[in-house]
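> There's a structure below that I have some questions on.
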Amino acid sequence: MDHPEPTLISPDTVAARPKSYRAAKRIAGYTIALGCLLWVFRDVHIQPLFAAMKITYWRFLALAIVLDILTYVLQAVRWHLLLLPVGNLSAWRAAQGVYAGLFVNELAPLRLGEVVRAFLAARWLAVSFATILPSVVVERLLDALWLVFGLGLAMLFVSLPQSLVGAGQVLGVTVLGAAALFLWIIFGNRPQYEHNEQHSRSLQFRRIFGYFSCFTRGLRDIGFSRELFLAALLSIAMLVVQVVVLWFMMRACRIHLPLVTASVVFLILRLGTTIPNAPANVGTFQFFIVVGLTFFGVDKTAATAFSIVYFGALTVPLWTLGLLAIGFSDLDLRATMRSRKDLKVMLI
């Protein structure tokens, strides 16, 4: 698409900024993870824990792993659809980008993998990073909308802890506000900053105007595309498949809870890990799995053991496919881990 690209700040300017803010975010994420792990393993004895960490039905484990891979295949197809207004990124390339980003999320805090896959897509489509970012934002908005919808249904049938209900309400208000803003950008009048972009005398303002102009155009292109409806349906399918993955893992570890209960546990997990924190959501992942299972009467030792097995069963295939994706993406790991700098250079 023939849109003017936003002006970028030079890498030297970014590098000159203090590192204390980035360090504070890292420390906060690791502190939360440590606190969650301390709570998870409190009053849990080692021998009973190891005894509970066993897989009884391997066929359910195999099905869970296959379906978990399918989840990210569906995400790749969804991303392919949302990127069509920018360019035709093949589903194969989209899957590479998704898995490369997931792998980086396992190594770096604050979900920097989202930056990596957007960076790869921009390279493959030969467009600016700012034109890719709207597709990632719409993905997150769709995921959040269906998460809020699922939580609302769960609250109708299950009496959840008040703290989780409050967190769900805060997320709901936030997501509804974001959805309203998305609709306003699509159907509202053209933002005034697009008209004033060329008239601003400040170089900094021109950079900001250029970026937001490109970003909002991308959102409008997606909002008016026929593929948005298909992407929304794929988001539902992804959520359902992930619930089934958790249920199969429970069956593999002899935790016999109904599928509906597994759905609520998964929604608790997704709600708890919404905010980016430590790499791979270590700590918060185990914490909210244990919270969800013990809420439905599972012994804490068994719940803790399951959280470890579940985490490992999902992580090993992800690492394997993620490494392969990075290997085939023409982007070495060192450059990938520097993508935080690329993000700041491109966004600001």
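The values are calculated or read from the model by the stated rules, or taken from the named source; none is laboratory data. Since this is a predicted model, take the numbers as computed values, not measurements. Every residue, glycine among them, receives a Cβ derived from its backbone with ideal geometry; neighbour counts consider all protein chains shown.
> In this structure, is V98 among the aliphatic types (A, V, I, L, M), within 14 Å of L318 (Cβ to Cβ) and assigned to a helix (DSSP H, G or I)?
When the stated conditions are applied, V98 passes them.
> Anything in the stretch 219-241 that is within 15 Å of V136 (Cα to Cα) and within 20 Å of the chain's Cα centre (by Cα)? List them, or say none.
L219, I222, L228, A231, A232, L234, S235
> Give the residues of the stretch 146-164 that are free of Cβ contacts under 8 Å to residues at least 60 places away in the same chain and either part of a helix (DSSP H, G or I) or of a type in the set (F, W, Y) (or both), sorted by residue number.
V148, F149, G152, L153, M155, L156, Q162, S163
> Tally up the residues in the stretch 265-284 that are out of contact with any Gly (no Cβ under 7 Å at 6 or more places or on another chain) and within 18 Å of L151 (Cα to Cα), please.
Matching residues across the stretch 265-284 total 6.
> Quick check on W92: is it among the aromatic types (F, W, Y) and without any contact (Cβ under 8 Å) to a residue 40 or more places away in the chain?
Criteria met by W92.
> Residue check, A178 against (1) touching a residue at least 40 places away in the same chain (Cβ under 8 Å); (2) part of a helix (DSSP H, G or I); (3) within 19 Å of C214 (Cα to Cα), all met but one. Which one?
In the conditions (1) touching a residue at least 40 places away in the same chain (Cβ under 8 Å); (2) part of a helix (DSSP H, G or I); (3) within 19 Å of C214 (Cα to Cα), A178 misses (1) alone.
> Right, another one. Can you tell me which residue in the stretch 122-153 is nearest to T274 (Cα to Cα), limited to those that are among the small types (G, A, S) and at pLDDT below 90?
A130
> Given the options T13, T7, name the one that is surrounded by fewer than 18 Cβ atoms within 10 Å (Cβ to Cβ), modelled with pLDDT under 95 and assigned to a helix (DSSP H, G or I).
Residue meeting the stated conditions: T13.
> Please go through the stretch 289-302 and give me each residue that is in contact with a helix residue (DSSP H, G or I) (Cβ under 9 Å, 6 or more places away or on another chain) and surrounded by fewer than 24 Cβ atoms within 10 Å (Cβ to Cβ), ordered by number.
Listed by number, the residues that qualify are V291, T294, F295, F296, V298, D299, K300, T301, A302.
> Take the residues in the stretch 190-241 that are modelled with pLDDT of 80 or more and in a loop (DSSP other than H, G, I, E, B), then tell me which one is farthest from V77 (Cα to Cα).
Across the stretch 190-241, the extreme among qualifying residues is F224.
> Moving on. Going by the conditions given, is V244 within 22 Å of the chain's Cα centre (by Cα) and farther than 30 Å from S128 by Cβ?
yes
> Right, here's the next one. Search the stretch 55-67 for residues that are touching a residue at least 24 places away in the same chain (Cβ under 8 Å) and pair each with any residue that is among the β-branched types (V, I, T) and in a loop (DSSP other than H, G, I, E, B) when their beta-carbon atoms are under 7 Å apart and the residues are at least 6 apart or on different chains.
Close Cβ pairs satisfying both conditions: L61/I55.
> In addition: For the stretch 25-45, state whether one or more residues are at pLDDT 80 or above, surrounded by 13 or more Cβ atoms within 10 Å (Cβ to Cβ) and in contact with a Pro (Cβ under 8 Å, 6 or more places away or on another chain).
So far as the stretch 25-45 goes, yes, one or more of its residues are at pLDDT 80 or above, surrounded by 13 or more Cβ atoms within 10 Å (Cβ to Cβ) and in contact with a Pro (Cβ under 8 Å, 6 or more places away or on another chain).
> From the set of residues in the stretch 23-43 that are of a type in the set (K, R) and touching a residue at least 40 places away in the same chain (Cβ under 8 Å), which is farthest from S307 (Cα to Cα)?
For the stretch 23-43, the residue satisfying everything is K25.
> Report yes if some residue within the stretch 105-113 is touching an Asp or Glu at 6+ places or on another chain (Cβ under 9 Å) and at pLDDT below 95; otherwise report no.
For the stretch 105-113, residues touching an Asp or Glu at 6+ places or on another chain (Cβ under 9 Å) and at pLDDT below 95: present.
> Out of all the residues in the stretch 110-126, which are under 17 Å from F215 (Cα atoms) and surrounded by fewer than 19 Cβ atoms within 10 Å (Cβ to Cβ)?
L125, A126, listed by residue number.
> So L67 fits all but one of (1) more than 19 Å from F285 (Cβ to Cβ); (2) modelled with pLDDT of 95 or more; (3) in a helix (DSSP H, G or I); what number is the exception?
With (1) more than 19 Å from F285 (Cβ to Cβ); (2) modelled with pLDDT of 95 or more; (3) in a helix (DSSP H, G or I) applied to L67, the lone miss is (1).
> Which of the residues belonging to the stretch 268-284 are part of a loop (DSSP other than H, G, I, E, B) and either at pLDDT 85 or above or over 12 Å from A167 (Cα atoms) (or both)?
Matches in the stretch 268-284: T273, T274, P276, N277, A278, V282, G283.
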